Amino acid sequence: MPILAFSINADMKHSGLILLATLIIVTCKNKTVQPEKPVFTPPVDYEIATMWADSIVNLMTIDEKISFIGGDRIFFTTAIPRLNIPAVMMTDATQGVHLREQFHQYKYEKVLPKSTAFPSPILLASTWNRSLARQYAQAIGEECKAGGIAILLGPGMNIYRISQCGRNFEYFGEDPFLASRMIENYVTGLQSTGTIATLKHFVANNSDFFRRKSNSVVDERTLHEIYTRAFKAGIDAGAMAVMTSYNPLNGEWCSQSSYVIDTLLRQDLGFKGLVMTDWWAVYDGEKVIKSGQDLEMPYRIATENAKQLLDSNKITGLHINRMVKSILTSLYAMQSFGRKPDTSLFSTFEKHEEIALQVAREGIVLLRNENQLLPLKAEIKNILLTGQFINHNAFGGGSGFVKGYNQLTLQSSLECEFGEKLVVDKNPGDEEIRSADAVILSIGTLDSEGWDRPFDLPDSTEHLVQRITGLNPNTIVVVNSGSGVNMSGWNTKAGAILFAWYGGQTGNKAVAEIISGKVNPSGKLPVTIEKDFKDSPGYGYVPEGEELYYDWNEHNEKLHPVFDIVYKEGIFIGYRWYDKKLIEPLYPFGFGLSYTTFSYSNLRTSAGSLRIGDPLAVSFTITNTGNVFGSETAQLYIHDQDSEYSRPVKELKGFEKISMGPGESKQIIIVLDAMDFSYWHPEQKDWYAEPGNFTVMIGSSSARIELSKEIELMK
Ligand code: BGC
């Protein structure tokens, strides 16, 4: 395996880094070096936890063991009272702590009366800010700890393959590198509070259209390069749990597939912690028990069938022991047993609201700003607010739903910024729209787990935007959605477009601050927004003759036959696809505007040619050439000019977000290692860095390369 992480100090002996060392000494004041990858170590050493688990397994009866491999009361592990092993509580997840009825029933309402509704993870990904990912997750971990919750059923990290997927809001976008860097910080932030992170849903669960029946057909290279990268980053960062997904992969349900769990997750990715199923995701007890799976949630097939499988010698006691031991080991290593609510942490909730707000400030993406309509000028007197989400906030639904508290609506947030200049009218007449100095139009979609939704906006919304942008060119369209939507019909008619995702309880305040100019937007898209869904690599995934549906539809799901979703585009998803096919998207991956401008200069590398395995330091300078303070995310892409197997035109391999005052310059240093040049070799079945010429590109988005340089990789 090539080097996965690289520490500047440890590797100073590499001659290629002499330039880097010089750069650091000479320019330490205004320089930013890409940070090292964070790693979490559990409070109890894994080996010791394993020994403890062994001793408990020896004391358990077979009935106790069988009960332990299934869950209890939907969100608990099973207690073994005779051995003083208490049940461990878990909860969803992706936008904060989901407080559920079950918890109320078990009197948890008292210990956790509220939980913060954070912006959705796709908004977090749009910040491109590792430190915010860490703070966000740590805050969620503190809320879990406050409520005595030991396992968070997140982060979700399936890759954005299809803009229509109902759960994209819960994930980190289309690029495995960006998702990985955010996930490793999420994992370490969350687990620093003693709360277990559960990486989900493993694997290739990239659509919610009859998700239990959609067989993802994916080749091995694509699995490694695209769909398991973020999981690997989470595992390397020390995540203690993984949840397997509902869908079959290449013909077998992931939650009972020994290829998925034993081979891919455990052997290839090196995961040694707790594996659990998604809820009601398995069908064959024998397969579950033999697959490497540990915990069936919430209970059923494996537990109910284990006795009979043992009696008929289809499984052995060793299979059950392995599962029990694995669950015990992870929970003991994290000291999860007996976690009590820690009400002293209620005092941290105020800080959590601040973190949630900061995430929204940095993650909302300004896509269009004609004639610098934004920030609104002081002379603007009459602002009309209309549209969908004025007095109630848009949110993502399903298990990731979080109710929140202190909800800031768009209206109340804009009133704070603009006072009496703001006029609210849900049904404005043409003249009212025409005569407003500016119109703020809220539109969007309410995405949810359980189904996919069309890329095209509903007709009523499309007509509304067309009408209002047609009547008033100073219309600021604020979009709340969990994925890209079709904006092609009105994109050029809008004065400004703010892609605000789902902002949680404080997101609207950030929207208002961006419109007023208090905050300079700095979010960049973690996805490509296509012009038309037909352009997307996933187009055609809904079986012919069928249509999208809009509720849980569990009955129909049961009746629905298994169908294939063939990932025919292979590794070419997102910008990799649009680049290869020369399809111009509406808004490219990595794109987002600011109220200031930046220039890029002085690209240097520590070597023009280097040996495989040597690190390559890449240095460049960014200058804030505008008049206001702002933040920019520089993106480093590489291109392998000549490869045995087809490779993307660009692959993200580094990024850095920096803030600068007007006229200020900063130097950025990103260090690439062998892994950054590698691809998954289908025959060698391993990562492979191929000698040859590479282009190193620095972009302000995937479509705008500001600087580039060739380097040679030698044997
Ligand atoms: C979802 C998971 C979730 C689980 C428990 C399932 O429907 O797919 O993401 O963690 O329910 O609520």
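The values are calculated or read from the model by the stated rules, or taken from the named source; none is laboratory data. What you see is a predicted model; the values in this text were computed from it and never measured. Here Cβ is always computed from backbone atoms with ideal geometry, including for glycine, and neighbour counts include all displayed protein chains. Surface accessibility is based on the protein's heavy atoms, side chains included, excluding ligands, DNA and RNA. Shrake-Rupley method; radii C 1.70, N 1.55, O 1.52, S 1.80 Å.
The table below lists the values:
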item: Enumerated strands (runs of 3 or more DSSP E) restricted to region 352-430, each holding at least 3 residues that are farther than 19 Å from Ile443 by Cβ; result: none
item: Among the candidates Ile565, Ile571, residue that is touching a Phe, Trp or Tyr at 6+ places or on another chain (Cβ under 7 Å), under 30 Å from Ala204 (Cβ atoms) and of a type in the set (A, V, I, L, M); result: Ile565
item: Residue within region 255-271 that is part of a loop (DSSP other than H, G, I, E, B) and farther than 20 Å from Glu47 by Cα present; result: yes
item: Residues satisfying the stated conditions in region 74-100, i.e. farther than 18 Å from Tyr299 by Cβ and open to solvent by 40 Å² or more (accessible area, probe 1.4 Å); result: Arg82, Asn84, Leu99
item: Residue ID - farthest from the chain's Cα centre (by Cα), chosen from residues in region 277-307 that are farther than 25 Å from Gln335 by Cβ and among the aromatic types (Phe, Trp, Tyr); result: Tyr283
item: Tally of residues being within 28 Å of the chain's Cα centre (by Cα), assigned to a loop (DSSP other than H, G, I, E, B) and among the hydrophobic types (A, V, I, L, M, F, W, C) across region 26-85; result: 4
item: Qualifying position, being more than 29 Å from Leu652 (Cα to Cα), open to solvent by less than 10 Å² (accessible area, probe 1.4 Å), touching a residue at least 60 places away in the same chain (Cβ under 8 Å) and among the polar types (S, T, N, Q), among Thr506, Thr528, Thr475; result: Thr506
item: Criterion (closer than 26 Å to Met334 by Cα, of a type outside the set (Phe, Trp, Tyr), more than 13 Å from the ligand (Cβ to nearest atom) and touching a Ser or Thr at 6+ places or on another chain (Cβ under 6 Å)) met by exactly one of Leu274, Leu264; result: Leu274
item: Residue in region 163-174 that is more than 16 Å from the ligand (Cβ to nearest atom), free of Cβ contacts under 8 Å to residues at least 60 places away in the same chain and in contact with a Phe, Trp or Tyr (Cβ under 8 Å, 6 or more places away or on another chain) present; result: no
item: Residue tally, condition assigned to a loop (DSSP other than H, G, I, E, B) and either β-branched (Val, Ile, Thr) or open to solvent by less than 10 Å² (accessible area, probe 1.4 Å) (or both), over region 212-238; result: 3
item: Residue that is farthest from Ser255 (Cα to Cα), among those in region 194-213 that are in contact with a Pro (Cβ under 8 Å, 6 or more places away or on another chain) and away from the ligand (no atom under 13 Å from the Cβ); result: Gly194
item: In region 175-193, residue farthest from the ligand (Cβ to nearest atom) [restricted to those that are in a loop (DSSP other than H, G, I, E, B) and open to solvent by 10 Å² or more (accessible area, probe 1.4 Å)]; result: Ser192
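One line per residue, one yes/no per condition, for (1) of a type in the set (Ser, Thr, Tyr); (2) out of contact with any Cys (no Cβ under 6 Å at 6 or more places or on another chain); (3) assigned to a loop (DSSP other than H, G, I, E, B); (4) open to solvent by less than 10 Å² (accessible area, probe 1.4 Å):
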site	(1), (2), (3), (4)
Leu132	no, yes, no, yes
Gly141	no, yes, no, yes
Ile159	no, yes, yes, yes
Gly173	no, yes, yes, yes
Ser207	yes, no, yes, yes
